[in-house]
Amino acid sequence: MSEQTFEPGSQAAPTAVAPRSSSPLLTVEGLAKHFPVKQGAFGTKALVRAVDGVDFSVDRGETLGLVGESGCGKTTTGRMVVKLLEATAGKIVFEGRDITRFNRSQMRALRHDLQIIFQDPYSSLNPRHTVGKIVAMPLQVNGINPPGGVKKRVQELLETVGLNPEHYNRYPHEFSGGQRQRIGIARALALRPKLIVADEPVSALDVSIQAQVINLLRDLQREFDLAFVFIAHDLAVVRHFCQRIGVMYLGKMVEIGDRHQIYEEPAHPYTRALLSAVPDVTKIGEKGRERIRLEGDVPTPLNPPSGCRFRTRCWKAQPKCAEVEPPLLQIGTGQQVACHFPETGPIA
Amino acid sequence: MTATASSAATSEVQDDRPYLEVDDLRVQFKTEDGIVRAVDGISFKLERGRTLGIVGESGSGKSVTSLTVLGLHNMARTRVTGSVRVNGREIVGLDEEKVRRMRGRDMAMIFQDPLSALHPYYTIGRQIAEAYLVHHPGQKAKAKRRAIEMLDRVGIPQPQRRYDSYPHEFSGGMRQRAMIAMALVNDPSLLIADEPTTALDVTVQAQILDLLDDLQREFNSAIIMITHDLGVVSRVANDVMVMYGGHAIEFGSVDQVLTEPQHPYTWGLLQSVPSLRGNAEDDLDPIPGSPPSLINLPSGCAFHPRCAYRMIGGGPCDLEVPELLPTAQEGHVVACHLPENERRRIFAEEIKLGAE
Amino acid sequence: MIRYLVKRVLLAILSLVAVSIITFILFFAVPTSPAYVMCGKQCDAHAIAQTEQRLGLDKPTYVQYGEFMKGLVAGRSYGTGELAVKCPAPCLGFSFRTNEPVTDIIGRTLPVTVSIVVGATVLQLVLGVGLGMISALRRGTAFDKAAVGVSLVGASMQIYFFGPILLLLFVYTMHLLPNPGYTSPFDDPGQWFVQMLLPWVTLGFLNSAIFARLSRAQMLETLSEDFVRTARAKGLTKWKVYGRHALRAAITPIVTTAGLYFGASLGGAVITETVFGVNGLGRTAVQAVNDLNLPVVMATVLLAAFFIILLNIVVDMLYSVIDPRVRLS
Ligand SMILES: Nc1ncnc2c1ncn2[C@@H]1O[C@H](COP(=O)(O)OP(=O)(O)OP(=O)(O)O)[C@@H](O)[C@H]1O
Ligand SMILES: Nc1ncnc2c1ncn2[C@@H]1O[C@H](COP(=O)(O)OP(=O)(O)O)[C@@H](O)[C@H]1O
Ligand code: SF4
Ligand code: SF4
Ligand SMILES: [Mg+2]
Ligand SMILES: [Mg+2]
């Protein structure tokens, strides 16, 4: 949905409307979450550095994807953004307001604009509530009585996500995984949010159903000009849904850029390795092609490597990588990369 | 290949016939809701050194097929008919004790979720050694040596020390490696991997697939790779069987099935998966509806309620179950009522895959 | 581990102190004075006052509590001057009724109760767990259905109903067993065994019904676990799959329940002792409560609490031995 201000010939934005390009919807700076845990036979305390200083921003109506291996901190980041988790350090700015230390009642007002969709379509819906009640919950909690009544609004929402409005009185167990995920989406849409954090919304679904849900999310995104923080481990799904992509590794953002930058000319060795590891049907017959093979596993976030965290698996690592942590800097092709020796050129 | 009636009781490899022959296999479960026809008439053959990929959405009968080959169903509530021959020996109806002796050596299995598939209370090493001892009773010291050797072989660092680790102390990828070590400890001739990488990250998945490749070359085993990920199939399989609602609907070489598919469901699957190539702005082309219930399968072609090319209203699609019939290409079989030239035309003109 | 143990022991001591305080407070909440109960027929105000003084009941509650605790830790002496009676630590005082040192009463009755509870626990575990496991493995068969039926009946049966029936049947009618009672197993193990048999069966059989149901459910759940399927896929024999893989996993929650059930067994022992007229700790405790016999009440309550807490610690330790994922901290 394009705004008036961008139309050729229009002079200046009406004063009431914030200029779009100058202030992102969401800005995250130095966000960190450290979980205290007990370890070993003596219960010594240690810190899991689940997220350790992450910066990114999301514009209105923009979709940002977060990708990375299991345990790299995607979910933790998403939960901090919607304030389901308290950040250990850093700043979350939403629509120009610092919401990092917002309390419950302040957050309640924000829930209008900030919603989350969960991964598991089975456990994220209360089995004892009807679909109608589940979807109406955000409206009721916030004391909203839409024109035409709650029920009418809920039925509209069900229709929006491709469910039959007559399903209003059914229970979650009567639905398939894909349908349940639609219910979760309807619930998130109920308050017409500006930003939705979607944590692996299609990972638990079958391929044919997954495609249906991705299409639905794309339609909704365009229709309501929604912004998304879309968390997934499937790089092809993210490529399809997101305009910009952030790649995380062990609690850090290692590369962030637009679709072309990340998928065609990735600069961080880890991004290249990830892409190279994806088995792609369309690459059939290229069995002999060069693949980047990473050795070993992701190190533990209890004790991340010094300097660049990827250095234990990186084939380009130099002594400098162990000594100096590479900052996230913009490079020639436009994306931001945290690597001392970024790769250049398109991928093979 | 003609199946002879002689059921050789030896574990000797017979190279003149496929190692695994499945013929018209049917598996039914009695449940409170009715009879689940989980597998309904499946046939395939697999030779040593080759990999068969079985793809299909969840509930299409992939796991049930594989469990049947190992004879792992609870026979009190399961009805198995048809024939499963492993190394020439019929498994269906075979005495439980005899099947048991074949498990682990004649055929072994890797499961999807290695955390729940390993016993939480025993060390990794002990569980692997235990598998060795089944077929080498009494050789405790040898079993331990062999377990360490296998841990090393599948790429676990410091295998000596890791022998004494518990599953929960391993990462997901290491657990799956340990599972593989356990399955391979007796050099099985047939390895069934049921979604072995579904729970893993892509980088680890790539490692595991490489490992299976290497091991196959080394031991010349036959592998069945069960997965819902077409990318994985394209990467490892020689032949592919596509399953839908307990039926095999297309079978052929990996090139035939993935680059010239002839079944509308296979087209749908291929079009549903987002790709790393092609125009990302294009909408995906999902199959409408959802997979059928196996208790109450749609009449005729089970796919017809979701098929864009169905011929119903007097047509055969909702009336007759299509048979798996040969196509012009050798080894490529398809179960669809559409005439072959029509299928070829539709695929060439209407089906766009992510590659463009 | 050591740290954990120290922590648990300190916590246990704290709990015991709390239990003793609560018992004291409850005891003095009763309006009747023990002295009144004790002085019998020729009771006058003077006699009561004298008794109260002799028992130390005239002092404020907290002083009495302090003295009790001091006696427990360091010993104390009763009375003054010539008449003073030494009571070395751990002093639990003297019975208000018989003037017998409470430690002697405990020493006499504790073995009885321990015999009953331990025997019944062994029985309920062997019988209950065994029955449950077998019916899980033979799910749906006639054996399973019968076992489920029996355990349903057993779980709803009461000791004071079941005990007398057994007594009537085996002792009075068939004369197969002697009257239940207690003989030290060190003196005559055979006699100990036959005399204890009925209390064991009564208490153990009823509890075993509960364990049978629990074990059956646990085992069924475990049998559907992925690792059991893996064990079968390896080619292990049925008995190794059941014994080594399924049983090991199923037994963990049973151990926990058994530990927690110990408290219930103590309660059951009280009734069992009463039904069979065996002089154990339970019967003594009930008697003492009726007599307002504070020292005996204190001692029995503390002892019961001590055993329950001890068993909880043992169960937790066992848990960490059985399940390597459990780290004590
Ligand atoms: N409550 C917690 N206590 C301790 N550690 C935690 C907690 N929650 C998460 N972690 C750890 O923080 C790290 C990041 O977890 P997170 O769930 O954000 O990963 P993720 O990127 O979403 O992974 P996945 O792809 O598996 O969902 C992991 O190492 C995880 O084990
Ligand atoms: N033991 C069982 N009892 C009843 N139904 C079963 C049993 N095992 C599998 N099924 C059913 O059989 C069908 C095929 O299952 P499965 O082979 O596991 O599917 P997948 O293709 O996802 O591996 C499913 O509908 C499943 O619910
Ligand atoms: S900084 Fe060094 S170790 Fe890290 S990704 Fe770049 S080259 Fe590799
Ligand atoms: S048989 Fe008919 S319904 Fe089935 S796939 Fe072919 S065209 Fe579609
Ligand atoms: Mg996550
Ligand atoms: Mg399966």
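The values are calculated or read from the model by the stated rules, or taken from the named source; none is laboratory data. The shown structure was predicted, so the numbers you read here are calculated from the model rather than taken from an experiment. Note: ideal-geometry Cβ built from the backbone for every residue, glycine included; neighbour counts use all protein chains shown. The accessibility values were calculated without ligands, DNA or RNA, using every heavy atom of the protein model including side chains. Shrake-Rupley method; radii C 1.70, N 1.55, O 1.52, S 1.80 Å.
Key figures for this structure:
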{"item": "Inter-chain shielding of B:158-168 (mean C-beta neighbours from other protein chains, 10 Å cut-off)", "result": "1"}
{"item": "Chain B, accessible surface, carbon-and-sulfur percent (1.4 angstrom probe)", "result": "48 percent"}
{"item": "Lone cysteines, chain A (no partner Cβ under 4.7 Å)", "result": "A:Cys72, A:Cys242, A:Cys314, A:Cys339"}
{"item": "Cleavage-rule hits, trypsin sites (Lys or Arg not before Pro), the stretch C:19-79, DSSP coil, Cβ neighbours within 10 Å at most 16", "result": "C:Lys41"}
{"item": "Gyration tensor (alpha-carbon) shape descriptor, the stretch A:68-172, a/c threshold 1.5", "result": "oblate"}
{"item": "Rounded to 10°, Cα long-axis angle of helix A:207-224 versus longest principal axis of chain A", "result": "70 degrees"}
{"item": "Drop in accessible area of at least 30 Å² in the complex versus isolated chain, residues of the stretch A:292-307, 1.4 Å probe", "result": "A:Arg293, A:Leu294, A:Asp297"}
{"item": "Low-density loop positions, trypsin sites (Lys or Arg not before Pro), the stretch C:130-160 - DSSP coil, at most 14 other Cβ in 10 Å", "result": "C:Arg138"}
{"item": "Structure-based [θ]222 nm, chain B - -39500 (n - 2.57) summed over DSSP H runs of at least 4, per residue, nearest 500", "result": "-9000 deg cm²/dmol"}
{"item": "The stretch B:263-277-the stretch A:309-348 distance, computed between alpha-carbon centres (Å)", "result": "35 Å"}
{"item": "Degrees between helix B:124-135 axis and first principal axis of chain B (Cα, 0 to 90, nearest 10)", "result": "90 degrees"}
{"item": "Computed over the stretch A:113-173: relative contact order in percent, which uses C-alpha pairs under 8 Å that are six or more apart", "result": "44 percent"}
{"item": "Per residue accessible area in Å² of the stretch A:27-138, where ligands, DNA and RNA are left out and the probe is 1.4 Å", "result": "44 Å²"}
{"item": "Pairwise FRET efficiency - C:Gln50 versus C:Val315, Cβ, R0 = 45 Å, nearest 0.05", "result": "0.40"}
{"item": "In the B-C interface, the accessible area buried, summed over both sides, Å² (probe 1.4 Å)", "result": "2300 Å²"}
{"item": "Estimated vicinal HN-Hα couplings, Hz - the stretch B:311-321 in sequence order (Karplus 6.51, -1.76, 1.60; Gly, Pro = x)", "result": "10, 10, x, x, x, x, 4, 9, 10, 10, 6"}
{"item": "Contact order relative to length of chain A, as percent, for alpha carbon pairs under 8 angstrom and 6 or more apart", "result": "19 percent"}
{"item": "Accessible area (Å², 1.4 Å probe, nearest 10) - B:Lys45", "result": "100 Å²"}
{"item": "Within the accessible area of chain C (1.4 Å probe), percent carbon and sulfur", "result": "67 percent"}
{"item": "For the stretch C:177-223, projected area of the alpha-carbon convex hull averaged over all directions, nm²", "result": "4.4 nm²"}
{"item": "Inter-label distance for C:Val126 and B:Glu281, nm, one decimal - labels placed 7 Å from Cα along Cα-to-Cβ", "result": "8.0 nm"}
{"item": "For chain B, built as a Gaussian network whose Cα springs stay under 10 Å, the top-fluctuating residue of B:Ala248, B:Ala183, B:Ala131", "result": "B:Ala131"}
{"item": "Value of relative contact order over chain C, rounded to a whole percent, pairs C-alpha under 8 Å and six or more apart", "result": "23 percent"}
{"item": "Whole-percent carbon and sulfur share, accessible surface of chain A, 1.4 Å", "result": "51 percent"}
{"item": "DSSP H segments from chain C that extend 27 Å or more along their own axis, Cα-based, with Kyte-Doolittle mean of 1.0 or above", "result": "C:2-29, C:102-123, C:248-276, C:294-322"}
{"item": "Nitroxide proxy distance, nm - points 7 Å out along Cα→Cβ at C:Met1 and A:Lys133", "result": "5.0 nm"}
{"item": "DSSP bridge orientation in the protein assembly as shown - percent antiparallel, rounded to nearest 5", "result": "65 percent"}
{"item": "Calculated FRET value between B:Leu94 and C:Tyr160, using beta carbons and R₀ = 56 Å, to 0.05", "result": "0.50"}
{"item": "Using θ = phi - 60° and Karplus 6.51 cos²θ - 1.76 cosθ + 1.60, couplings along the stretch C:91-98 (whole Hz; Gly, Pro as x)", "result": "8, 9, x, 10, 4, 4, 8, 10"}
{"item": "Interface A:C - total buried accessible surface [probe 1.4 Å, Å², rounded to 100]", "result": "300 Å²"}
{"item": "Delta accessible area of at least 50 Å² on complex formation, residues of the stretch B:209-234, 1.4 Å probe, chain isolated as reference", "result": "B:Ser234"}
{"item": "Orientation-averaged projected area, Cα convex hull of chain B (nm²)", "result": "19.7 nm²"}
{"item": "Chain A: most fluctuating residue of A:Arg49, A:Arg104, A:Arg187 per GNM, C-alpha cutoff 10 Å", "result": "A:Arg104"}
{"item": "Beta bridges by DSSP in chain B, antiparallel share as percent, to the nearest 5", "result": "60 percent"}
{"item": "Exercise: per-residue mean of other protein chain Cβ atoms within 10 Å, C:215-228", "result": "2"}
{"item": "With Cα atoms, 0 to 90° folded angle of helix A:131-141 axis to chain A main axis", "result": "90 degrees"}
{"item": "Total accessible surface hidden between A and B, rounded to 100 Å², 1.4 Å probe", "result": "3800 Å²"}
{"item": "HN-Hα J in Hz across the stretch B:32-38 - Karplus 6.51, -1.76, 1.60, θ = phi - 60°, x for Gly and Pro", "result": "5, 7, x, 8, 8, 8, 5"}
{"item": "Net dipole in debye of the protein assembly as shown [+1 Lys, Arg Cβ; -1 Asp, Glu Cβ; about Cα centre; nearest 20]", "result": "2900 debye"}
{"item": "Residues with amide H under 5 Å from that of B:Met311, placed H, sequence gap 5 or more", "result": "B:Cys317"}
{"item": "Solvent-accessible heavy-atom area per residue, rounded to whole Å², over the stretch B:135-249 at 1.4 Å", "result": "32 Å²"}
{"item": "Point-to-point label distance, A:Lys320-B:Ala348, nm (Cα→Cβ direction, 7 Å offset)", "result": "5.6 nm"}
{"item": "Prolate/oblate/rounded label for the protein assembly as shown (Cα gyration tensor, a/c 1.5)", "result": "prolate"}
{"item": "Cβ-derived FRET efficiency at R0 41 Å, C:Thr256 paired with B:Gln160, nearest 0.05", "result": "0.70"}
{"item": "Interface residues, the stretch B:21-63 - accessible area loss of 30 Å² or more versus chain alone, probe 1.4 Å", "result": "B:Glu57"}
